[in-house]
Structure formats: C-alpha cells, structure tokens
1. Looking at 249, 255, which one is surrounded by fewer than 15 Cβ atoms within 10 Å (Cβ to Cβ), more than 17 Å from residue 9 (Cβ to Cβ) and at pLDDT below 90?
2. Just the residues that are touching a strand residue (DSSP E or B) at 6+ places or on another chain (Cβ under 7 Å) and either over 21 Å from residue 154 (Cα atoms) or free of Cβ contacts under 8 Å to residues at least 24 places away in the same chain (or both), please, taken from region 249-269.
3. Just to be sure before I move on: is residue 131 surrounded by 20 or more Cβ atoms within 10 Å (Cβ to Cβ) and modelled with pLDDT under 65 in the structure I sent?
4. Restricting to region 217-246, what's the tally of residues that are farther than 18 Å from residue 193 by Cα, surrounded by 15 or more Cβ atoms within 10 Å (Cβ to Cβ) and more than 17 Å from the chain's Cα centre (by Cα)?
5. When you scan region 198-219, how many residues do you find that are free of Cβ contacts under 8 Å to residues at least 12 places away in the same chain and touching a helix residue (DSSP H, G or I) at 6+ places or on another chain (Cβ under 7 Å)?
6. With respect to the numbered conditions (1) modelled with pLDDT under 85; (2) on the phi < 0 side of the Ramachandran plot, which one is the sole condition not fulfilled by residue 211?
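The values are calculated or read from the model by the stated rules, or taken from the named source; none is laboratory data. The structure presented is a predicted model; accordingly, all values stated were derived computationally and were not measured. No Cβ is skipped: glycine too gets one built from the backbone with ideal geometry, and neighbour counts run over all protein chains shown.
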C-alpha cells in the first residue's frame, strides 16, 4: 500500500516539521535542505529553540519568542525572519498546530511556506494528523487513499494536490486542484485525463498535456519538477511549479502518482 502521506509531504513545496515541547525535532519532510537544516536522512540535529529567529505577528507587527509560538499554537500565522546564517536573512511564514500529547510531552506540527503564498493556512489541523505523521516511514502504517485523515491532509495543503492511481485515474484532489481545473460540476473521480478532456472541453488541452507529462514522470522514474501554465477565471495567465512523484510496485509497474502544483505567478511577475 502506498504511504500517500509521505509522498504528499515529500512533493510539497512547503516545509513540515514535528517538534516536541522541549524543542527536539522528530520529523522533517525535507532532506539536506530546509530552513532547519535537515540532513540527508531528514533529521534535524539542533534544538528548535537554538535557532535565531524573529517571529512577527502578521496582524499587529509585534514580535514574539519561539517558545510563545508553541505555548499557544492557535494564535495564527507569523512572519519568520531568520538571522541564523550570519549575513543571510530569510523571511518566511510559519504556523503551528498541536498534534498530540503523550505523558508530559506535547508534539507540534510546524509548517513553513513562502511569504508570497497567500492561500489558506492550516493552523488548526486535527489531532489525529499525528497518526499520519507518526507512520510516515512505515509502509504497514500507511493510510488507505480514501481515509478521512488523508483527505484532511490534502485539503489542508495550500498547494493544489492530485493523487492518481497507476493507470492515471484521478483518486483524490483538494479544493485548489478542483479550482484550477474547474471541476465543481464534473464527476472527476476514477477518470483519467483522456476521459476528463471529453467531460471538461474548456480545459481539454490542459488534460491532454497532463497525459504526456504524467507519462514522462513514469518513464523518468524519479521526482520531476517543471513549470506549467493555466488561466484564472478572470483571464490572467498563471504559472505553477509542478512536482510529480511517481510510486512503483515491487515489480516496477506504476502504482500511484502524487502531483503538487505550487502557484508561483507572483514570483514570476516580480522577477520581470
């Protein structure tokens, strides 16, 4: 069974960390990268409270300490200004949610995203998300595709998320994905993109492009990243950074495909 939660978080452009109330890291979805300097195994060897960060409330502009973020994670989101690398300063967004409490230790899910990403945030993920995160590296603990927890995870993502089976049939999508392909009135479940090109003629070309793009991802056999384009409801050209993560059966045949599309339109406009 595919560990969909692991594949989704790996493909996400956002950073996710699990940290306990003592500042110890227990999970990172980034390897050899990320703001908290994960190593090649995804482990963070420093304590959360040792990092030199400034947290600034987005509404009032007031600064708080890292410990205050964990003491009341329902406060919302903050601008995180990193001065940890000497003269290098990074500005990101951070939010926290309580995952679970065991004995006297609380565990928190931290989510860090680009400051330009103004989509919805997940500051109130349910406690049973801990079951997903806790089993990220255990295939036998992977949740079935249709479980409520998995749907909660993809719906909480600010990026558009698509989960397809080994035949390219759409199995699960979140609200941003549905919006991109204008699928509110279309029965998309268990359809492949050739079928959706017929059911969704206004976006026929986009679906047919996905057929070839998915084929390339399968043939490459590794995570691929590309820029793709779309059109907003008001006629604006949109640019997406699209990550495709193929999953294979033991015999090498396709098992599933995770696709995460991150809207980089504002970034592209700023670069011009």
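1. On the way: 255 fails: surrounded by fewer than 15 Cβ atoms within 10 Å (Cβ to Cβ).
Matching residue, one of 249, 255: 249.
2. Initially, region 249-269 is screened for residues touching a strand residue (DSSP E or B) at 6+ places or on another chain (Cβ under 7 Å), giving 249, 254-265, 268.
Selection gives 249, 254, 265, 268.
3. Details: surrounded by 20 or more Cβ atoms within 10 Å (Cβ to Cβ): no; modelled with pLDDT under 65: yes.
Spelling it out, it is not the case that residue 131 is surrounded by 20 or more Cβ atoms within 10 Å (Cβ to Cβ) and modelled with pLDDT under 65.
4. Final tally of qualifying residues: 2.
5. Residues in region 198-219 being free of Cβ contacts under 8 Å to residues at least 12 places away in the same chain and touching a helix residue (DSSP H, G or I) at 6+ places or on another chain (Cβ under 7 Å): 1 in total.
6. If we test residue 211 against (1) modelled with pLDDT under 85; (2) on the phi < 0 side of the Ramachandran plot, just (1) comes out false.
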